[in-house]
Structures are given as C-alpha cells and as structure tokens.
Amino acid sequence: MEFAPHTDADLERMLAVVGERDLDGLFAHIPHDLVLDQPLSLPAGLSEDEVLRRLAGMAAANRTEAVCFAGGGAYDHYVPAVVGALVTRGELLTAYTPYQPEVSQGILQALFEYQTVICELTGLPVSNASLYDGGSAVAEAVSMACAATKRDRVLAAMALDRPSRTILRTYAQPFGRAIEEIPYDPVTGQTPVAALGDGLAAVVIQQPNALGVVEDVRAHAEAAHAAGAQLVVKLEPTSAGLLATPGSQGADLVVGEGQPLGQGLGFGGPTLGFLACRREQVRRLPGRVVGQTVDVEGRRGYVMTLRAREQDIRRERATSNICTNQTLNAVAALVYLTWLGPQGLAELARACLARARHAAAALAAIEGVELAVTGPFVKEFALRLDVPDPHAAVAALHHAGYLVGPVVEDGPAAGAVLIATTERRTRAEVEGLADAVERVVKETR
C-alpha cells in the first residue's frame, strides 16, 4: 500500500466539509500549552538516493567484527539458514494474525504448532500466539495472576532482569499494585525462599536468573501456593534443554524472551515474548490464541479462538490491552525449535554449559578477576573485575574486539560484568577474551 501527501486543494475541500478555514482552526480546541510553537527540528528533505546513502553511512558505523560474549537477555546463537528461507516465503511472511481462516490455514496452522512447542518448552498446557517481548510478557502474566487471585501485592525477585522489573512497575502503577523486591543471596546469587505473608497475588522469578544462576523453581512454587499466590517464571528458553520445565515444577505462568529462538541479534530487535498458563487461566490469556477445529465436512482446520477474552470485546472487564502478536517472529521461533528438536535443544544447552564452564575457569584464574556469585549457571555468569569503573572496562574490551556485559546495576553483585557463552564461541575466542581481560585489568587497576 502506498501513501501520497494531500495537495493544497485536497486540504481545502476537507476543511470546507468540517466548516474550517485553515488547519489552525481545526486544532483550535487543543490547549495552547500542548501545542508546539516552533517548527520541528528536522533536516531538509532528501531524495531517495540521498537517503539510502545516508543510511548506508550510518550502518557502516556499526562494528560487526567483535566477538560477542554479551548477555543480559540477548544472545549470539547461530540462526540456521532454514529459518530465513521459510519465514520469507509468501505464505508465512506476515507480522499479523489472519482473521479469515478460509484463506489463511497455512499461517494459522504454523501459529497453532508454535503454541504447541511453547507448551512443551514450558511444561504448561496453554500458550498464546506470542507477545511483544519478554518484559511485557512478565507484566501480562502478573496481571493475570492478580485477576485470578483478586489481590494486588506482588513479590518480584531482584534477580529478575532490570528491564522486566521496570516494565512490571510501569504496568502496576495505574492499578495501584504494590511491587516488592526479594533480594538475592550475596554469595550464591539465588533468590531465597521464605514465608511470604498474606494478600499476595504473585511471586516472579527468573530461570536462570539475571546473574545466570539456576533457581529452585519447585521451592518457590510451594512457598507461593502456601500463601495463596501464583508463581510466574521468566524462562530463558535454551536452558530448557537441560533444566526441568517450570510447569512440571509447579509454576502457574511461564513467560520469556524469544530472542534466542532463531531471531538473531539484529541490533536490538525485532523479537517476541512467549506466555503459557494453566487451563483455568485461558480466558485471561492476552493476545491471540489459535485453536484446532473441524469444518462442516469434518476436515481439520485452524481458527482464532476464545476471542471473548480480548480488550476490544471485554472493554473495561479486560485484563490486558494487547490484541495482537508477533506472528513472523513466532514462526521463526517455531522453525528454529522444529529444526533443533528435543535432542538438538539438549545438545545446544550442553554446548553452552561446557563453553561457559571453560570460560568461567579461564577468566577466574586471572589476578583481579573472580566470579561474583557461586550459584550454578548454564551459559551466563557474572564476573567481578578489580577495576575502578566496570563500564570503562567493558568499553576497553569492546575496543579490543570483545563484546561483554551488561554491567549489573543493583544488589550485592552491582558492578559485576555479565559474560555469556553460546554454542558459537570457540576455545580460541575464550582464550582471546581471557587475554584481553587480563590486559584491561592490569592497565586500569
């Protein structure tokens, strides 16, 4: 679809219809303090060729040769060629869920199968067709828990990644929900399990957590249920190749960031969030759900289902404003997980674990470097560097050709630097990072 600007004659005809002489009259009802009283600070218009040249110059400023050990929720996993080959086919190349099942069986079946693999990944029986990202998925799951328990008090682990905690507070403020944080253990990095008190709607943890440490999901589930609350777990999906599913350990809602599932890094996106729940929560599930049915001749087919839970129908009774999903990214995640299969996912997780153990041992052997916490990890861990400014050390390592971080911002491990190792990292790259870290620490101590 193409859009062309209106001509002066077009504007005159439209203004005549509404009885105004000019655009200022059309917008006269807007309070003066909300009206911009100066031109927008925009450069002069460019031709298409000039725009492309400008964008190419900006893109050239990105450094792509650095070896990526960065973590914090986005990881440098290999994206197999089959992902791009399939999601760029015309039958699947859409960002939206189709409303017309009679002409959209292919994409609807793909989304149904996406929901199926998310259920297998999380250990819960129901999944939606994706959300915007992992952070919004956390907040949506908490809204579901508050609606189910009719309570507004939420405990969130400090070892839940900081963006998710920020989004959770943003969602909670208009509803008057109280968000309290559970500090993590300064030695192990794990979130302690304790008596939770009355009036609790949800407990939110991350598996593995924001320090890369594996949490005891079953113990947290038992504590939450004893308090009449629900357990929300944000799952790093590739760790499911080694760890028991959160659903099998008692989690009521499992969410996560889908970036590791065939999305690539992409300088920040786009990506998707996933959300799965128990059957009794299905009508509170935000976004889209695709179901399997039969047509009038008994043939299997796929349709959007349970539409009555959406905000455009439920209005003030809705628990969410979300009515859409990330279809293209969800299909990419489906292709990736199908390509891996259960055995491949386990092999991927073991490869990450082996490389992470090797990297942690090599880096912790350097003078002035130590593991920030001692808890078990899968592919990511936090390092404490004996340097005045960890952010400057991260920048120096980037200059040396290695992406690390982010820096832990709060809690007992504040100032530690996250290191993530995926299946793509080689022994030579780990040794190169260790040499670079040793140089940076010596130069800045």
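Points to keep in mind about this one:
- If you plug the beta carbon distance of E280 and E12 into 1/(1 + (r/R0)^6) with R0 = 41 Å, you get a FRET efficiency near 0.10.
- Dipole of the chain [Lys/Arg +1, Asp/Glu -1 at C-beta], most positive-end residue of T327, P376, G212: P376
- Additional length obtainable on full extension of the chain from H398 to Q105, 0.36 nm per residue less Cα span: 100.8 nm
- Residue separation of E316 and L42 scaled by 0.36 nm, minus their Cα-Cα distance, works out to 94.7 nm of gained length.
- Radius 15 Å from Cβ of R445, net charge of other residues (Lys, Arg +1; Asp, Glu -1): -3
- FRET efficiency, 1/(1 + (r/R0)^6) with R0 60 Å, evaluated for F175 and E297 via beta carbons: 0.80
- Positive-end ranking of L337, V394, A436 along the dipole of the stretch 302-444, with charges on Cβ about the Cα centre, is headed by L337.
- Candidates A224, Q173, P163 compared by Cα position along the dipole of the stretch 81-336: farthest toward the positive end lies Q173, with charges placed on Cβ.
- Sites listed here are GluC sites (Glu not before Pro) in the stretch 78-114 whose DSSP assignment is loop and whose Cβ has at most 13 other Cβ atoms within 10 Å: E91.
- Reach of K379 by Cα under 30 Å, taken over lysines that are not fewer than 8 positions away in the same chain: K234, K442
- The ranking of V437, V303 from fewest to most other beta carbons within 10 Å of each one's beta carbon is V303, V437.
- When the chain is treated as a GNM with alpha-carbon contacts under 10 Å, the residue of E409, E370, E20 showing the greatest mean-square fluctuation is E20.
- Virtual spin-label span in nm between E431 and A244, 7 Å along Cα→Cβ: 4.0
- Our helix-only sum for the chain, with -39,500 (n - 2.57) per DSSP H run of n ≥ 4 divided by its residues, gives a mean residue ellipticity at 222 nm of -11500 deg cm²/dmol.
- Approximate spin-label separation D22-A354, in nm, with each point projected 7 Å along Cα-to-Cβ: 7.4
- Sites listed here are trypsin sites (Lys or Arg not before Pro) in the stretch 289-385 whose DSSP assignment is loop and whose Cβ has at most 15 other Cβ atoms within 10 Å: R299.
- Each Cα pair under 8 Å and six or more residues apart adds its sequence gap; the mean of these over the residue count of the chain is a relative contact order of 20 percent.
- Loop-located GluC sites (Glu not before Pro) in the stretch 246-300, at most 11 other Cβ atoms within 10 Å (DSSP): E297
- Gain upon complete extension [T338, D185; 0.36 nm per residue less C-alpha separation]: 51.3 nm
FYI, it's all coordinate maths here, none of it is from the lab. Only a predicted model underlies this, so the values are computations on that prediction, with no experimental measurement involved. For neighbour counting, all protein chains shown are included, and Cβ atoms are generated from backbone atoms with ideal geometry for every residue, glycine included.
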